[in-house]
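Reviewing the structure listed below.
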Amino acid sequence: MRNRFRRGDRDALGELYDEHAQVLYRYALRVTGDWAEAEDVASATFLEAWRSREKLRPDGDSLRPWLLGIATNIMRRNARARRRREIALARVPERGSIPDFTDDLVTHLADAEQLRAAHTALARLRRRDREVFTLVVWAGLNYAAAAEALGVPIGTVRSRLSRARARLRELTDAEARATRSQATRAGGAERPPRRKTGNPPPPPTSQYRAASPRPGR
């Protein structure tokens, strides 16, 4: 299929889409946390792959590393564009708040809490380490395929992944300690007050007893 795709065979493009579209979508969704953006990234990946098909090497096995590399570059460009927009918007005087619906979309995921926590931790990694981690751990590429996707040596993939995992462990431990501390403070604040010692509380009134269900009902 590789050679057919390079020659511009549209049937090969359809086969490529059927085989890899879901993998690309899930990868982009985990990285971005946004369904709509993940769909856009997957579509843009196939469009970019089709436009640059002549640059594809004639030899090789699966095209998945190549496609994931294209998707990674697209998300990288999108992130830079977002930063530029945020900088530009920060210079514009505020005229009221605009609702952000991204969190509403993410909360529909079964693992929404885990996804948000992962994004929080991953956002604090260096971009190169983060890309290696998402390709190997989330997209399931081996070291050689990740190296092909990113255009770096295998040794670089190994070192970046090791550094990313170590850093994520530190961030996870810190987040867990912060969560436990918040839960402890919240639990202390919500603890019901103790009943004062002394006379016992008065029995229920007759009106309450009449309204209460009898045993066995």
For this session: Could you calculate the contour length gain from Ala21 to Asp40, that is, 0.36 nm times the residue separation minus the distance between their Cα atoms, to one decimal place in nm?
Result: 5.7 nm
Exercise. Tally Lys/Arg at +1 and Asp/Glu at -1 over every other residue whose Cβ is under 13 Å from the Cβ of Leu24; what's the total?
Worked result: -3
Seminar exercise, completed: Of 21-33, 119-131, ordering from highest average Cβ density within 10 Å down gives 21-33, 119-131
Problem set entry | Extended-chain gain in nm, criterion 0.36 nm per residue less alpha-carbon gap, Arg80 and Arg51 | 8.2 nm
Exercise. His119 versus Ala166, label points 7 Å from Cα toward the beta carbon: distance in nm?
Worked result: 2.9
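Quick note: the coordinates plus some simple rules give every number you see, no bench work behind them. On a predicted model such as this, the values are computed, not experimentally measured, just so you know. Neighbour counts run over all protein chains shown; Cβ positions are idealised from the backbone, glycine included.
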